[in-house]
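One structure is given here, and the rest of the page talks about it.
The values are calculated or read from the model by the stated rules, or taken from the named source; none is laboratory data. Since the model is a prediction, treat every value here as computed from it, not as a measurement. Positions of Cβ are generated from backbone atoms using ideal geometry, with glycine treated the same way; all protein chains shown enter the neighbour counts. The area values use the complete protein model at the heavy-atom level, side chains included, leaving out ligands, DNA and RNA. Shrake-Rupley method; radii C 1.70, N 1.55, O 1.52, S 1.80 Å.
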Amino acid sequence: MTGASGRGGAVGPASEPGSGGAPGAPGQAGAAGSAGVPGAAGSAGVSGAAGSAGVPGAAGSAGVSGAARSAGAGGSGGGFDVPEVDAFTRPYWDAAAEGRLLIRHCAACGRPHHYPREFCPHCWSEDVSWRAASGRATLYTWSVVHRNDLPPFGGRVPYVAAVVDLTEGPRMMTEVVGCEEAALRIGMSLEVAFRAGVPVFRPASSGGGRPSPVPEAGLLRGSSGSPGPLRE
């Protein structure tokens, strides 16, 4: 898939090579999850609507069951951007709440993977554990979503649903914030940030340090209606 932005178009595959499928949609009624969505096998960007925020789980995904909920890990209410948290995904969400991104690592073959699974998708070993990721990534592809009627996405449009390649290797579905649509480029450097305890990505800064939180809005609209700079 090319990096050109669509108008509600589908986001490309979000699983790392050899993982056995792209993550599915954590939302309902055709809203795909974004932000690192470790979802179930299926197509991202169902019905052309992409969602937000990095979610291990949602209906049908590895280690998680149940419908997507409102913003904030394990929240409840009328949103479709994050799932319920269970015992398997709890470490992921606890770390995200502290501003850390975790991925799974296999001790048998030495390879990481994402979305999280209780076995290695490369060698099928169950000797897997959580490890901290660097939070650095490059942009693989994206789609600019201009319409999504499901909460809380309606208040975020236009937003950038994206697939990024983590420095560690796995491919992750996410949302890019703090970047004008015209400035998006395949291969551009990104770094993780956190919005209400959910990982999203933004253009990489020159310095390191702990990722700062992202406001709920995430993007500002410029005069043309395109995503504007991140409000700090």
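Checked against (1) at pLDDT 95 or above; (2) surrounded by fewer than 16 Cβ atoms within 10 Å (Cβ to Cβ), residue 161 passes all but condition (2). Screening 187, 197 for residues that are of a type in the set (Gly, Ala, Ser) and modelled with pLDDT under 95 leaves exactly one candidate, 197.
Could you tell me whether any residue of segment 165-178 is crowded, with 18+ Cβ neighbours inside 10 Å, of a type in the set (Lys, Arg) and either more than 16 Å from residue 142 (Cβ to Cβ) or out of contact with any strand residue (DSSP E or B) (no Cβ under 7 Å at 6 or more places or on another chain) (or both)? Taking every residue of segment 165-178 in turn, none turns out to be crowded, with 18+ Cβ neighbours inside 10 Å, of a type in the set (Lys, Arg) and either more than 16 Å from residue 142 (Cβ to Cβ) or out of contact with any strand residue (DSSP E or B) (no Cβ under 7 Å at 6 or more places or on another chain) (or both).
Only residues that are touching a Pro at 6+ places or on another chain (Cβ under 6 Å) and under 22 Å from residue 112 (Cβ atoms) were counted across segment 170-200, and they come to 5.
Of all residues in segment 140-158, none satisfies being on the phi > 0 side of the Ramachandran plot and surrounded by fewer than 22 Cβ atoms within 10 Å (Cβ to Cβ). The set of residues from segment 95-130 being in contact (Cβ under 8 Å) with a residue 40 or more places away in the chain and open to solvent by less than 60 Å² (accessible area, probe 1.4 Å) comprises 96, 99, 101, 103, 112, 113, 114, 115, 116, 117, 121, 122. For segment 80-90, taking the residues that are surrounded by 15 or more Cβ atoms within 10 Å (Cβ to Cβ) and within 13 Å of residue 197 (Cα to Cα), the one that is farthest from the chain's Cα centre (by Cα) is identified as 85.
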